[in-house]
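A.B. asks: Please find one structure pasted underneath; my questions will follow.
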Amino acid sequence: MDFSYPADVEQFRNELRTWLSANLTDELITARRSPRSDAVFDMLHAWNATLADAGWAAVSWPREYGGRGATVLEQLVYTEETTRARAPLPLNVIGMNNIAPAIMQYGTEAQKTTLLPRMMRADDIWCQGMSEPDAGSDLAALRTRAVRDGDNFVVNGQKIWTSLGHRADWCQLYVRTDPEAPKHQGISCLIVDLRLPGIEVRPLVTLNGDTDFAEVFFHDVVVPGDALLGPLNAGWQVATTTLSHERAGAARLYAELQVRLEELVTDFAAFGVGGDPVTLRRLGEIAVRIKYLEVLCQRSISATLHGGSEITALGSASLAKTVWGEIGQDLAALAFDVLGPQASRWADYRLTSRSLTIAGGTTQINTNITAHRVLGLPR
Ligand SMILES: Cc1cc2nc3c(=O)[nH]c(=O)nc-3n(C[C@H](O)[C@H](O)[C@H](O)COP(=O)(O)OP(=O)(O)OC[C@H]3O[C@@H](n4cnc5c(N)ncnc54)[C@H](O)[C@@H]3O)c2cc1C
């Protein structure tokens, strides 16, 4: 960042830096980039509890839910410092960034107090059941059905691509509760205990041999009525919750790529490769694109800081997500092209980078959003 931070923000940085240097081990840094074997998962689980106990797992969350109520600048510093230190993030990434804000906005007091602290500490692992075999980009086409039966709901259907599904205790599940209503209006959100009878979780094995996500099947699952999050048939509003306490999260996009680029240059130097003009040009292009991404992310953070339009911020975020995914794929490809058989350290990223332009909204969908919201083009 090119502006200086106020003294209290620098104090926050120093406190975090000191804590990280005392607690973050080389083993954890390596684990962050390793495929999620059970041993790696257990290590990251323990790290998550350490982070939470020290108050560093959810700095952006309000204090009442166990966070620090950090300001936007403090969040930015948190992102910079944890990324530079290569610290693993809390395990419930989707939970903390997407599900928790919805619980904070729509949840009952009982849901908030019982679920949020355990999510932050990863005492419970969370997954998000949105996508189905015939409902991905067009999420509103989802067909998993929940039918009222007295005080309960009975759920039938299937979810797919559920990240952490096979490890999860809880699922934020989107279901159709009114099949007669227009498709965006007949959806509800349930918070489902995955240990309930009738739920079957089948892990999906990805290109790199990981089981990062799963298919989740629901066969006549009886879910208690108090699992409803938000009003009945208001699931679309819950899904598009914009209340996010994590206002500077976009900074992680460019900060992480910058760290990866530095690691790539270090590897090239270690193997004595990459000094030819073609590789230098490719490296230079990636460096410039990361700078461009930094400007895009700062634009969206600045809109938050200075009260800019939410629409601009959302459009910039869609553009930033697209650019981030494409740079990540090009960086991984460059590592392989130049390092060849010595690129084993990059193998996992090379394979998982294929998903960067799909997860969390595909490039085509984000390009449509950018065209509409940033450029003002008709739908
Ligand atoms: C790593 C990873 C983690 C994921 N985690 C989760 C999770 O935890 N929970 C969950 O619910 N889902 C998860 N997903 C699923 C993800 O949200 C979907 O894959 C994504 O929304 C796309 O849906 P789809 O795969 O059904 O593709 P489709 O929607 O079928 O799209 C297929 C192709 O058509 C294009 N396309 C579709 N509609 C349009 C359009 N209107 N205009 C232009 N092009 C279009 C798409 O861009 C894509 O190229 C994850 C996916 C990945 C890769």
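One line per residue, one yes/no per condition, for (1) within 12 Å of the ligand (Cβ to nearest atom); (2) under 15 Å from P224 (Cβ atoms); (3) surrounded by fewer than 21 Cβ atoms within 10 Å (Cβ to Cβ):
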site	(1), (2), (3)
S137	yes, no, yes
L164	yes, no, no
D169	no, no, yes
D178	no, no, yes
K183	no, no, yes
I187	no, no, no
D193	no, yes, yes
G198	no, yes, yes
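A.B. asks: Still on this structure: Could you please tell me which pairs satisfy a Cβ distance under 8 Å, a separation of 6+ or placement on different chains, a first residue in the stretch 346-363 that is more than 16 Å from G209 (Cβ to Cβ) and touching a residue at least 40 places away in the same chain (Cβ under 8 Å), and a second residue that is of a type in the set (G, A, S) and more than 7 Å from the ligand (Cβ to nearest atom)?
C.D. replies: Taking only residues 6 or more apart or on different chains, the pairs are G361/S318; T363/G325.
A.B. asks: Spot the failing condition for M120; the list is (1) within 13 Å of the ligand (Cβ to nearest atom); (2) not assigned by the TED database to the domain that holds T206, and only one is missed.
C.D. replies: (1)
A.B. asks: State whether one or more residues within the stretch 21-30 are over 20 Å from the mean Cα position of the chain (by Cα) and closer than 23 Å to D169 by Cβ.
C.D. replies: Scanning the stretch 21-30, I find no residue that is over 20 Å from the mean Cα position of the chain (by Cα) and closer than 23 Å to D169 by Cβ, so the answer is no.
A.B. asks: Out of all the residues in the stretch 65-83, is one or more basic (K, R), out of contact with any Lys or Arg (no Cβ under 6 Å at 6 or more places or on another chain) and surrounded by fewer than 13 Cβ atoms within 10 Å (Cβ to Cβ)? Give the derivation first.
C.D. replies: Applying the first criterion (basic (K, R)) to the stretch 65-83 yields 68.
With the extra rule that they be out of contact with any Lys or Arg (no Cβ under 6 Å at 6 or more places or on another chain), the set shrinks to 68.
Applying the additional criterion that residues be surrounded by fewer than 13 Cβ atoms within 10 Å (Cβ to Cβ) yields none.
Checked the stretch 65-83: no residue is basic (K, R), out of contact with any Lys or Arg (no Cβ under 6 Å at 6 or more places or on another chain) and surrounded by fewer than 13 Cβ atoms within 10 Å (Cβ to Cβ).
A.B. asks: Would you mind stating whether M104 is surrounded by 17 or more Cβ atoms within 10 Å (Cβ to Cβ) and either assigned by the TED database to the domain that holds G230 or away from the ligand (no atom under 16 Å from the Cβ) (or both)?
C.D. replies: Working: surrounded by 17 or more Cβ atoms within 10 Å (Cβ to Cβ): yes; either assigned by the TED database to the domain that holds G230 or away from the ligand (no atom under 16 Å from the Cβ) (or both): yes.
For M104, the condition - surrounded by 17 or more Cβ atoms within 10 Å (Cβ to Cβ) and either assigned by the TED database to the domain that holds G230 or away from the ligand (no atom under 16 Å from the Cβ) (or both) - is met.
A.B. asks: For the subset of the stretch 351-371 comprising residues that are part of a loop (DSSP other than H, G, I, E, B) and in contact with a Ser or Thr (Cβ under 9 Å, 6 or more places away or on another chain), which member is farthest from the ligand (Cβ to nearest atom)?
C.D. replies: As a first pass, look at the stretch 351-371 and keep what is part of a loop (DSSP other than H, G, I, E, B): 358-362.
Applying the additional criterion that residues be in contact with a Ser or Thr (Cβ under 9 Å, 6 or more places away or on another chain) yields 359, 361-362.
Values: A359: 3, G361: 6, T362: 3 Å.
This residue is G361.
A.B. asks: Name every residue in the stretch 110-136 that is in a helix (DSSP H, G or I) and either touching a residue at least 12 places away in the same chain (Cβ under 8 Å) or aliphatic (A, V, I, L, M) (or both), in order of residue number. I'd like the intermediate steps shown before the answer.
C.D. replies: Narrowing the stretch 110-136 to residues in a helix (DSSP H, G or I): 110-120.
Of everything in the stretch 110-136, those that are in a helix (DSSP H, G or I) and either touching a residue at least 12 places away in the same chain (Cβ under 8 Å) or aliphatic (A, V, I, L, M) (or both) turn out to be A110, Q111, K112, L115, L116, P117, M119, M120.
A.B. asks: Looking only at the stretch 340-364, which residues are over 29 Å from L139 (Cα atoms) and surrounded by fewer than 16 Cβ atoms within 10 Å (Cβ to Cβ)?
C.D. replies: Listed by number, the residues that qualify are G340, P341, Q342, S344, R345, A347.
The values are calculated or read from the model by the stated rules, or taken from the named source; none is laboratory data. No experiment lies behind these values; they were computed from the predicted model shown. Note that each Cβ is placed from the backbone with ideal geometry, even for glycine, and that neighbours are counted across all protein chains shown.
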